[in-house]
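I am attaching a structure below and will ask some questions about it afterwards.
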Amino acid sequence: MMNAGVSLPFVKEVFSLRKKEWIAMLLAGGQGSRLYSLTKNLAKPAVPFGGKYRIIDFPLSNCVNSGIDTVGVLTQYQPLVLNEYIGSGQPWDLDRQDGGVFVLPPYQKSSGSDWYTGTANAIYQNVPFIERYDPEYVLILSGDHIYKMNYEKMLKFHKEKEADCTIAVLQVPMEEAPRFGIMNTEEDGKVYEFEEKPANPKSNLASMGIYIFTWKKLREYLEEDAATPGSANDFGKNIIPNMLAAGERMYAYAFDGYWKDVGTIDSLWEANMDLLDPKVPLSLYDPDWKIYARNPALPPHYIAPGAHVQNSMVTEGCVIEGTVDFSVVFAGVKIEEGAIVRDSIIMPGSVIKKGAVVDYAIVAENAVIGENTAIGARPEGMEDISGWGVTVIGNDVTIGAGVTIMPKAMVETDIAAEEVLVK
Amino acid sequence: MIKRTTMGIVFSNMHDNHLGSLTRDRTTGSVPFGGRYRLVDFILSSMVNSGVREVGVIAKSNYQTLMEHLGSGREWDLARKLGGLTVLPPYSSGDNQGIYAGRLDALAGVSGYIRNGKAEYVILADCDLIANLDFQEMIAFHEEKGADITLAYRREKILREGNENIVVFDVNDDGRVGQVWLSPQPEEEQNTYLNMAVMKRELLGKIVEEARSRNKRSFTKDILVEQSDSMLIYAYEVKDCVMRINGLQDYFDASMALLQPQVRQALFPVERPVLTRVRDQVPAKYGLGAVVKNSLVADGCIIEGTVENSIIFRGAKIGRGAVIRDSIIMAGAVIGDGARLEYVVADRDATIRDTRTLVGYKTYPLFIEKKSVI
């Protein structure tokens, strides 16, 4: 029989939910509309990256490597693949008895249900989740950046400064500053002004979208924001400016490693290519800072007698019979005899058939490129360079034999043989 | 999936003495194979893919690497509350010295595990086979024949002498085992026992108890040879691709066979994956000037030289201008710039310094021990 007298604190005691010093909340609900067909059926953090990873592996691995054992992943848009990918959290060592990783979609409450209306609202709707761990600090992350960062150092900085909010910042070239949220700081890092995409920036310290808040303080501002009609419920637009205006202690924490927003086709392509450049300071080989991923069970890749593979990354399960140069080839890809793949990203399970040529392209998961089909072009061969760009072939798209797909095209549907797609 | 519940018992140390330096610090089950696997992966994956949810792995000596590899059994989906994976190290008690002398002796040491099992059937198997097997068919055959014990065999030409651990037998038209021989002479195709047997768990328990009280130690000699008349012992022919590792030459040849597409297709079908421990390695990276032909390369490798007809394990590094032909380079091995290797098996974490030349022969590959520096 149910005992109506059993109250929540008692239950909490029984399951011994321990107080955490800090937990992380990872915003993974973004649609990633600038990735076009790559995010048609997929949340942006689930987009494949770097041969065997998905974007979310980077913040998740950073969390674990920084000693965080409780992570809430806030999902909303196309969560299916992401949910399945995260699963129990075991690949990241986040299948814990005490804490672990939790996928947090919007849910129905007794007073109704709401989608997450903004980044701050997503956290606000999950205040009860955070409160269960009674943390001192909360780390807010987004799921669309490629970088390796020790958040523990940032927390130490936050504590030293006795800050209410610490924002990780990166020095960007001054001419790029107008694309970012810019922090204007005093010498010790104290933020006195925040400008979202300023036309005439005063500094080049760009917000990386990584925040540590003292939880009690953040909760106050989340509640206030939620009660403000017309608010965009957004960290950058509302919470940060409001806290600054109220004179809270806000500090910029300078990060100087590799960091890349992979929110566009071009930046996603570039970030993959960066892995092939020995001069780029993003090493995935560091045994003390591994990037974890869910691994498919595939045999080592096979390079056939007639193949040529140079300057590339190739993952397990591939069969390479053709030529691969300056490319990132994901798990289980087949590149047939005589096919040429250059300066491209071939995502898991795709097949490049005999004689096909793929230049400067992103071929998404499980696509098939027909025999002798040409995808994209090399910029040096173009008369009008303005029409050039990275070509994208969407998930599960089959392109017939002998097709020509022009540079910069985005293909989302199957194309029959012998067609030319100029778009 | 198998309708009847079935448990597996895997002997990880059988055949250790045939594999020379490969098993100096490890069990047969933990010998690295095929770029990212260990031998035990093949039998474990075959069992799991056939619906077996309860596996005991019997370990005798040198089993640290095996324990580390198997962990909780998670990669094989065997980290279970009911059943799952159990590593069974030697157990010494009053009348048992711990280290067993034969298969029955080993089973006697784990008789509690067999007795406490819930499964109806048990599959006994070793780790010396490279194969992707479906045990459902074998159990269906066993039930159809109403057999006491069913042995897996294949038709095989015995090429060399000195096969003291190979067992052959006659099979009559109905599939029943007739006469059994140990250490056969090399001759034409024979029915060779694959050291895989299926029987009811209760029967195995009885056999083990009886053997203990009569001080019988060998499953082959004391059961198969002695009891082939009194028990209904049937033989099930395995027609799938099976490679037996019964020596260093076999190891080398079976490794090289993986370069054939039909062998890889038989061993690594998409619907029956071979599962192994995840190492979280980066994809392999090919540098400027890399030339790779007819080779298998695992994740985590950095290849800057020439590699032909070879198997390169996880995290191996091949330096600039190095030339590797017909060789097996195991995990973490580092081959220096300009080194030249032919018919070499470099064990884990071996280092071959710049410009060194090491050449074995096809029928006599050169084995470089684990962690050695040349």
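Can you name the residue in segment A:261-278 that is open to solvent by 50 Å² or more (accessible area, probe 1.4 Å) and more than 13 Å from every other protein chain (Cβ to nearest Cβ) and is also farthest from A:Tyr53 (Cα to Cα) among such residues?
Among them, the one singled out is A:Asp266.
Could you count how many residues in segment B:321-336 are open to solvent by 10 Å² or more (accessible area, probe 1.4 Å) and among the β-branched types (Val, Ile, Thr)?
Result for segment B:321-336: 2.
Taking A:Asp234, is it surrounded by fewer than 22 Cβ atoms within 10 Å (Cβ to Cβ) and over 28 Å from A:Asn126 (Cα atoms)?
Considered against the rule, which asks whether it is surrounded by fewer than 22 Cβ atoms within 10 Å (Cβ to Cβ) and over 28 Å from A:Asn126 (Cα atoms), A:Asp234 comes out as no.
Can you tell me how many residues in segment A:294-306 are small (Gly, Ala, Ser) and within 7 Å of chain B (Cβ to nearest Cβ)?
Result for segment A:294-306: 2.
Which residues, counting only those in segment A:251-298, are free of Cβ contacts under 8 Å to residues at least 60 places away in the same chain and in contact with an Asp or Glu (Cβ under 7 Å, 6 or more places away or on another chain)?
A:Ser267, A:Val280, A:Leu298
Another question, if that's okay. Restricting attention to segment B:248-271, report how many residues are surrounded by fewer than 17 Cβ atoms within 10 Å (Cβ to Cβ) and assigned to a loop (DSSP other than H, G, I, E, B).
Going through segment B:248-271 one residue at a time, the tally reaches 4.
Still on this structure, please answer the following. Does B:Asp41 meet the test of being touching a Ser or Thr at 6+ places or on another chain (Cβ under 9 Å) and surrounded by fewer than 22 Cβ atoms within 10 Å (Cβ to Cβ)?
No: the conditions fail for B:Asp41.
List, please: which pairs have Cβ atoms under 6 Å, are six or more places apart or on different chains, and start with a residue in segment B:337-365 that is touching a residue at least 12 places away in the same chain (Cβ under 8 Å) and open to solvent by 20 Å² or more (accessible area, probe 1.4 Å) and end with one that is in a strand (DSSP E or B) and of a type in the set (Val, Ile, Thr)?
Close Cβ pairs satisfying both conditions: B:Arg340/B:Val323; B:Arg340/B:Thr357; B:Glu342/B:Val359; B:Thr351/B:Val334; B:Thr351/B:Val373; B:Leu358/B:Val344.
Does B:Val238 satisfy the criteria of being of a type in the set (Val, Ile, Thr), under 21 Å from the mean Cα position of the chain (by Cα) and within 28 Å of A:Ala293 (Cβ to Cβ)?
Taking the combined requirement at face value, the residue does not satisfy it.
Find the residue count for segment A:109-154, including only residues that are open to solvent by 50 Å² or more (accessible area, probe 1.4 Å) and either touching a residue at least 60 places away in the same chain (Cβ under 8 Å) or more than 23 Å from A:Tyr221 (Cβ to Cβ) (or both).
9
Restricting to strands (runs of 3 or more DSSP E) lying wholly in segment B:274-374: which have 3 or more residues that are within 13 Å of another protein chain (Cβ to nearest Cβ)?
B:284-286, B:291-293, B:295-297, B:306-308
Could you please find all residues in segment A:25-56 being away from chain B (no Cβ under 14 Å), in contact (Cβ under 8 Å) with a residue 60 or more places away in the chain, over 10 Å from the mean Cα position of the chain (by Cα) and not in a strand (DSSP E or B)?
Answer for segment A:25-56, where residues must be away from chain B (no Cβ under 14 Å), in contact (Cβ under 8 Å) with a residue 60 or more places away in the chain, over 10 Å from the mean Cα position of the chain (by Cα) and not in a strand (DSSP E or B): A:Gly29, A:Arg34, A:Leu35, A:Tyr36, A:Ser37, A:Leu38, A:Lys40, A:Asn41, A:Leu42.
Taking the residues in segment B:66-99 that are surrounded by 18 or more Cβ atoms within 10 Å (Cβ to Cβ) and over 21 Å from B:Asn49 (Cβ atoms) as candidates, determine which candidate is modelled with the highest pLDDT.
Applying the filter and picking the extreme gives B:Leu88.
Tell me yes or no: at least one residue of segment A:85-108 is among the hydroxyl-bearing types (Ser, Thr, Tyr), at pLDDT below 90, surrounded by fewer than 16 Cβ atoms within 10 Å (Cβ to Cβ) and not in a helix (DSSP H, G or I).
Among the residues of segment A:85-108, at least one is among the hydroxyl-bearing types (Ser, Thr, Tyr), at pLDDT below 90, surrounded by fewer than 16 Cβ atoms within 10 Å (Cβ to Cβ) and not in a helix (DSSP H, G or I), which makes the answer yes.
How about segment A:279-293: which of its residues are within 8 Å of chain B (Cβ to nearest Cβ) and open to solvent by less than 20 Å² (accessible area, probe 1.4 Å)?
The answer is A:Leu284, A:Ile291, A:Ala293.
May I pose another question? Would you tally the residues in segment A:360-378 being open to solvent by 10 Å² or more (accessible area, probe 1.4 Å) and touching a Gly at 6+ places or on another chain (Cβ under 7 Å)?
Of the residues in segment A:360-378, 5 are open to solvent by 10 Å² or more (accessible area, probe 1.4 Å) and touching a Gly at 6+ places or on another chain (Cβ under 7 Å).
Quick check: anything in segment A:252-260 away from every other protein chain (no Cβ under 11 Å), of a type in the set (D, E, K, R), over 18 Å from A:Ile182 (Cα atoms) and surrounded by fewer than 18 Cβ atoms within 10 Å (Cβ to Cβ)?
no
Looking at segment A:273-356, what strands (runs of 3 or more DSSP E) fall wholly within it and have at least 3 residues that are in contact with a Ser or Thr (Cβ under 7 Å, 6 or more places away or on another chain)?
In segment A:273-356, the matching strands (runs of 3 or more DSSP E) lie at A:340-342.
Another one. Taking the stated definitions as given, is A:Asp274 of a type outside the set (Lys, Arg) and at pLDDT below 95?
no
Additional query: Is it the case, given these coordinates, that A:Gly381 is open to solvent by 40 Å² or more (accessible area, probe 1.4 Å), over 24 Å from A:Lys52 (Cβ atoms) and either at pLDDT 95 or above or over 27 Å from the mean Cα position of the chain (by Cα) (or both)?
Yes; evaluated as a whole, the condition is true for this residue.
Can you name every residue in segment A:233-250 that is touching an Asp or Glu at 6+ places or on another chain (Cβ under 8 Å), touching a residue at least 40 places away in the same chain (Cβ under 8 Å) and not basic (Lys, Arg)?
A:Asn233, A:Gly236, A:Asn238, A:Ile239, A:Met243, A:Leu244, A:Glu248, A:Met250, listed by residue number.
Could you check segment B:161-200 and list, in sequence order, the residues that are among the aliphatic types (A, V, I, L, M), more than 21 Å from the chain's Cα centre (by Cα) and farther than 22 Å from B:Leu107 by Cα?
B:Val171, B:Val177
It is to be established whether one or more residues within segment A:154-161 are assigned to a helix (DSSP H, G or I), within 26 Å of A:Trp22 (Cα to Cα), of a type in the set (Phe, Trp, Tyr) and within 27 Å of the chain's Cα centre (by Cα).
Taking every residue of segment A:154-161 in turn, at least one turns out to be assigned to a helix (DSSP H, G or I), within 26 Å of A:Trp22 (Cα to Cα), of a type in the set (Phe, Trp, Tyr) and within 27 Å of the chain's Cα centre (by Cα).
Quick check on A:Pro241: is it open to solvent by 20 Å² or more (accessible area, probe 1.4 Å) and not in a loop (DSSP other than H, G, I, E, B)?
Judged against the criteria, A:Pro241 is a match.
For segment B:218-233, which positions are touching a residue at least 60 places away in the same chain (Cβ under 8 Å), of a type in the set (S, T, N, Q) and either surrounded by fewer than 15 Cβ atoms within 10 Å (Cβ to Cβ) or under 11 Å from B:Val180 (Cβ atoms) (or both)?
B:Thr220
Say whether the condition of being at pLDDT 95 or above, in contact with a strand residue (DSSP E or B) (Cβ under 6 Å, 6 or more places away or on another chain) and part of a strand (DSSP E or B) is met by at least one residue in segment A:215-230.
No - not one qualifying residue is present in segment A:215-230.
The values are calculated or read from the model by the stated rules, or taken from the named source; none is laboratory data. If you're wondering where the values come from, they're calculated on a predicted model, not measured in any experiment. Every residue, glycine as well, gets a Cβ built from its backbone with ideal geometry; the counts of neighbours run over all protein chains shown. Quick note on the areas: whole protein, heavy atoms, side chains included, nothing else; ligands and nucleic acids left out. Shrake-Rupley method; radii C 1.70, N 1.55, O 1.52, S 1.80 Å.
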